Amino acid sequence: MTDYLDIWKLLAGLGIFLFGMFQLEESIREVAGRKFKLFLRRHTHNKYRAILSGTFLTAVLQSSSVVSLMLLAFVGAGAISMTNALGVILGSNLGTTFTGWIVTLLGFKIKIESFSLPFIAIGGLGLVLFSKKHKLLNISKALVGFGFIFLGLDFMKVSIDEVASYFDISSFSGYAPWVFLLVGFVLTAIIQSSSASMVITLSALNSGIIPFESAAAMVIGSDLGTTITVLIGGITGLAPKRRVALGHFLFNLVTDLIAFALLVPLVWLIQEMLTFLDPLMGLVVFHSLFNLIGIIIFVPFLGVFAKFLKRRYRETNHTVSQYINPLTHEVPEAATQALMNEIGHLLRRTYYCHLKAFKIKESEFYLVVKEEFDNHFKKIFTGLSFNDQYLKIKQLEGELIVFYQHIQQQPLEIMEADKLSKLVEIVRNALHSIKGIKDIEHNLTAFYTSEKNVLNKLYHEFENASKEFYLSFKNCLETGEVDHAFDCYSDLMLKIQRNYDGMLKEAYSRINRKHFTELEMSTALNINRELYSSHKALIIAQKEFHQLLIDSQ
């Protein structure tokens, strides 16, 4: 078979098709992404509207995975109920069959190349002419994507057609339908597109390489394979997301098992009863029909199934805080002490997040802290990226502020109120510190990976200066003498001022030697300024916290 199959033409066609799907999907999301999200949220108030919404969105976006991943976000935020989310999934299964209808009605009925080239030509020109006009640019992307979908189809169709004249279809007669089901599943799981799998199956059927029943089995397999994306995206997330991911998988699994069990009678129904003489049209009818059967079977049991999923994945406590989470705020003295302990947590986590921005291993600058605290934040933060750690710190800030507001509602003495105000100010400085690093983290990464030696060298200069600061900061935290600690904070203030002035002078000297473009110079100055401001805020926060600890003794 491989002697007659131009494998590169087939793979090129697949690549062009997937690229076209990606461009079309991305452009639609850019132009109307928010509208689709609002549509999904507003039109899922009951299970029937949810099914229709899932069908419509998937048909327009041409991707059930996009709709399902969008759905994961809404369910995780509590914006859509579990029952209605399951309705959207059912609808998206039907909506994903729309691609097959388009390809069958257009792709195999006309000269595909002549159809696709005008879209690519107009869209390509639009990409150049409208590069600064956001809406027209994305419309142009959509046109290019649509053209590439059919150009890729043409490549796949031609490469498979070349096999047909040499290929004996009887060689497949010995293979059971489950083999083709497995092929469809694996193919879709690998390329992450049931639409592309459908096109390959339609091309093979059109060329006479596989019989209708085998093609139908492949379609069932690809329908199950499309659940892998959502399963991976949600199975390790929060409980609501895990429910949606498992629900999506189980829906497709049961529907596909029923379709496979009824494969022979369904094929007979389409070919003999409904008399679809065109096998391509018959295959897309089969695809839509068994998904429709799945919807009819599951709709009466959506509520029951939602309850099953809720029992399967129960809500767990996902708070970041350790000390304030299990505590009530009705005893101000205890609540304030818990708040102080938690802010110590926040300050240490902020310090480690600083290290993450410079890709410094925590073990190199590890702080000696209490074991229970150490184990708590290790469990939460280990393995997270800088951005994820930043979001966790933001979540911790929110939990601290809510707890602080509850304490404020209790009768407080003047000293307690003053202490609480100082604690909140410490939190603000800590978050100001990490926000400064967050704002320049992408610039640091750009300098670190730059092909220009001068930028890479500058990154390492920032890194070395920061490493020196973090080591000194660590020593301040671990010193046992109060006077020495505050002297250490003062010395650190002087040190970061010298570092700032030195880097500023060095940057200006390099621009005089024309090492930087104007943009690079502006970025370097901004990094220097944000590092200084961030380090200063961290010192102030830790110094004030240290002072409060002393005053509380």
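Only the coordinates and a few stated rules stand behind these numbers; no lab work does. Since the model is a prediction, treat every value here as computed from it, not as a measurement. Glycine gets a Cβ as well: all are built from the backbone with ideal geometry, and neighbour counts include every protein chain shown.
Odds and ends about this structure:
- Pairwise label distance in nanometres, Asp491 with Leu412, each label 7 Å out on the Cα-Cβ vector: 3.6 nm
- Model label points for Ile122 and Glu468, set 7 angstrom from Cα along the Cα-to-Cβ axis, are 6.3 nm apart.
- Annotation: peptides 117-125, 242-250, ranked by per-residue average of other Cβ atoms within 10 Å with the highest first, follow the order 242-250, 117-125.
- FRET E, pair Asn526, Leu129, Förster distance 30 Å, beta-carbon r, rounded to 0.05: 0.35
- Efficiency of FRET between Thr319 and Glu518 - r from beta-carbon atoms, R0 45 angstrom, step 0.05: 0.45
- Charge dipole (the stretch 266-316, unit charges on Cβ, about Cα centre) - positive-most of Met281, Val304, Leu292: Val304
- Packing, as the average of other Cβ atoms within 10 Å across residues, places the peptides 279-290, 439-450, 414-425 in the order 279-290, 439-450, 414-425, highest first.
- Restraint check, Lys474/Lys543; Lys394/Lys438; Lys422/Lys536; Lys392/Lys467, Cα-Cα greater than 19 Å: Lys392/Lys467
- Using the Cβ-Cβ distance between Ser363 and Gln395 with R0 = 35 Å, the FRET efficiency computed as 1/(1 + (r/R0)^6) comes to roughly 0.90.
- Dipole axis of the stretch 332-552 (+1 Lys, Arg; -1 Asp, Glu on Cβ), positive-most option in Ser534, Phe516, Tyr489: Phe516
- Extension gain, Leu549 to Phe19, is 184.9 nm, computed as 0.36 nm per intervening residue step minus the present C-alpha separation.
- Charge dipole magnitude, Cβ of K and R +1, D and E -1 - the stretch 332-552, Cα centre, debye nearest 20: 980 debye
- Model label sites at Asn456 and Arg42, defined 7 Å from Cα along the beta-carbon direction, differ in position by 5.2 nm.
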